[in-house]
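One structure is given here, and the rest of the page talks about it.
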Amino acid sequence: MRAIIATPDAGPGYRPDEVPDPVAGPSQVLIAVEHVSVNHGEVRYARAFPAGTMLGHDAVGRVLRAATTGTGPRVGAWVIALGAGAWAHRMAVDVGAVAEIPGGMDVAELAVLPTVGVTALRALRSTGPLRGRRVLVTGASGGVGRIAVQLASSQGAEVIAVVGSASRADGLASLGAKEVVVGIDAIAGEVDVVVETVGGVVLPAAWRLLSPGGVLHSIGWASGEPATFPVNSTFAPGAARSLRSFGDVASPGADLACLLGLVRDGALRVPVGWRGSWRHLDEAAAALLGRRVAGKVLLDVD
Ligand SMILES: NC(=O)c1ccc[n+]([C@@H]2O[C@H](COP(=O)([O-])OP(=O)(O)OC[C@H]3O[C@@H](n4cnc5c(N)ncnc54)[C@H](OP(=O)(O)O)[C@@H]3O)[C@@H](O)[C@H]2O)c1
């Protein structure tokens, strides 16, 4: 079958190649992949993977072989999956990392949800009730950002979306952002929660805005720049502020089903900003890393 594999010493760090079909374990389903998405880290850090690693994590496809344990979706079901080796004609993935897509949904666009959706959902859920709280989302024009804006605002938060330039603000107000600001320095007042995906100078600036008892979720570092915290900036009187790392997308099946439910019910819009064949991965990756995609890249596996 055809797959995109890591080539740490050549080209952009990946290339399409012919590889053996994956062999599904007893508690795995084998999926015929039809649509995938591209995550920031997958292309930015492709060279960090050992040569030959099958890349990609987010997929939509049909079940070719059900799990022999008798659990999980049946043969022929459309599923959404989060697991290793998604950029391929076939993918073997644990039943706990898939969710069956309810009938009547546009299956293709759902492929962009797994990584960014589970990430935003879990980070915000770990914060507690959001009603009435001020939630700052940095890198709001991107994949995690566009989901976080919607999830927080639909739970009653007052969402402030930060973007890098005026053109990157498009669509964020209609997704639920109360304020869309260019650059974090334009924000006045304290915030209770931060969903932070940019790093560099943005991280200490966001930390400075955090209220006593507030939580900053450090989810990513899209800037690729180091951060410097001013002396004494990590202690203050009053309730403790928290800076939390995020990286737990294990066993995402139930959360994938939750995200599908939100989309089906019209509570979450799927932020597809670029769509094309997986043969155009280079072009898609350049657009994503060049900050020209409003949301997510969706690739059709033809
Ligand atoms: N911890 C986890 O499990 C997890 C899960 C998903 C993602 N992540 C990480 O979270 C970060 C965001 O992911 P994403 O999917 O939202 O990425 P994305 O779609 O590429 O969005 C990133 C946003 O960051 C902003 N940005 C600022 N400086 C940038 C730069 N130098 N290059 C590129 N973007 C820059 C851009 O907004 P403007 O153009 O408006 O400035 C862009 O929209 C990445 O670092 C990713 O690896 C981590």
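Name the pairs: first residue in segment 212-241 and more than 23 Å from VAL144 (Cα to Cα), second residue part of a loop (DSSP other than H, G, I, E, B) and acidic (Asp, Glu), Cβ to Cβ under 9 Å, at least 6 apart or on different chains?
Within 9 Å, the pairs are PRO212/GLU190.
List every residue pair whose Cβ atoms sit under 7 Å apart, with the two residues 6 or more apart in sequence or on different chains, where the first one lies in segment 152-170 and is in the same structural domain as SER223 (by TED's automatic domain parsing) and the second, anywhere, is among the hydroxyl-bearing types (Ser, Thr, Tyr).
If the second residue must be among the hydroxyl-bearing types (Ser, Thr, Tyr), the pairs left are VAL159/SER153; VAL162/THR138; VAL163/SER141; ARG168/SER141.
Is there a residue in segment 210-220 that is small (Gly, Ala, Ser) and not assigned by TED's automatic domain parsing to the domain that holds ILE184?
no
May I ask you to list the residues in segment 226-241 that are out of contact with any helix residue (DSSP H, G or I) (no Cβ under 6 Å at 6 or more places or on another chain) and surrounded by 13 or more Cβ atoms within 10 Å (Cβ to Cβ)?
ARG241, the sole residue that qualifies.
Name every residue in segment 183-200 that is surrounded by fewer than 16 Cβ atoms within 10 Å (Cβ to Cβ) and at negative phi, in order of residue number. Give the derivation first.
Residues of segment 183-200 that are surrounded by fewer than 16 Cβ atoms within 10 Å (Cβ to Cβ), as a first pass: 183, 185-186, 188-190, 200.
Within segment 183-200, ASP185, ALA186, ALA188, GLU190 meet the criteria.
What is the residue count in segment 35-92 for residues that are of a type in the set (D, E, K, R) and under 18 Å from PRO8 (Cα atoms)?
Adding up the residues that qualify gives 3.
Which residues, taken from segment 17-56, are touching a residue at least 60 places away in the same chain (Cβ under 8 Å), over 15 Å from the mean Cα position of the chain (by Cα) and part of a loop (DSSP other than H, G, I, E, B)?
Kept after step one, since they are touching a residue at least 60 places away in the same chain (Cβ under 8 Å), are these residues of segment 17-56: 19, 21-25, 27-31, 33-41, 43-44.
Subsequent filtering for residues that are over 15 Å from the mean Cα position of the chain (by Cα) retains 19, 21-25, 27-31, 33-35.
Selection gives VAL19, ASP21, PRO22, VAL23, ALA24, GLY25, SER27.
Given segment 58-153, what strands (runs of 3 or more DSSP E) lie entirely inside it while holding 2 or more residues that are over 15 Å from the mean Cα position of the chain (by Cα) and more than 16 Å from the ligand (Cβ to nearest atom)?
Values: elements: 58-65, 78-82, 90-94, 98-100, 134-137.
Here the list reads 58-65, 78-82, 90-94, 98-100.
Just wondering, is there one or more residues in segment 57-74 that are surrounded by fewer than 14 Cβ atoms within 10 Å (Cβ to Cβ) and free of Cβ contacts under 8 Å to residues at least 24 places away in the same chain?
Yes: one or more hits.
Could you pull out the residue among GLU34, GLU100, GLU109 that is under 19 Å from LEU288 (Cα atoms) and among the acidic types (Asp, Glu)?
Matching residue, one of GLU34, GLU100, GLU109: GLU109.
What strands (runs of 3 or more DSSP E) lie completely within segment 239-302 and have 3 or more residues being more than 27 Å from ARG90 (Cβ to Cβ) and near the ligand (Cβ under 10 Å from one of its atoms)?
none
Tell me which of these VAL181 doesn't satisfy, since it passes every other one: (1) touching a residue at least 24 places away in the same chain (Cβ under 8 Å); (2) within 14 Å of the ligand (Cβ to nearest atom); (3) over 18 Å from the mean Cα position of the chain (by Cα).
Against the list (1) touching a residue at least 24 places away in the same chain (Cβ under 8 Å); (2) within 14 Å of the ligand (Cβ to nearest atom); (3) over 18 Å from the mean Cα position of the chain (by Cα), VAL181 comes up short only on (1).
The values are calculated or read from the model by the stated rules, or taken from the named source; none is laboratory data. What you are looking at is a predicted structure, and each value in this text was computed from that prediction instead of being measured. Ideal geometry is used to build each Cβ from the backbone, glycine not excepted, and the neighbour counts take in all protein chains shown.
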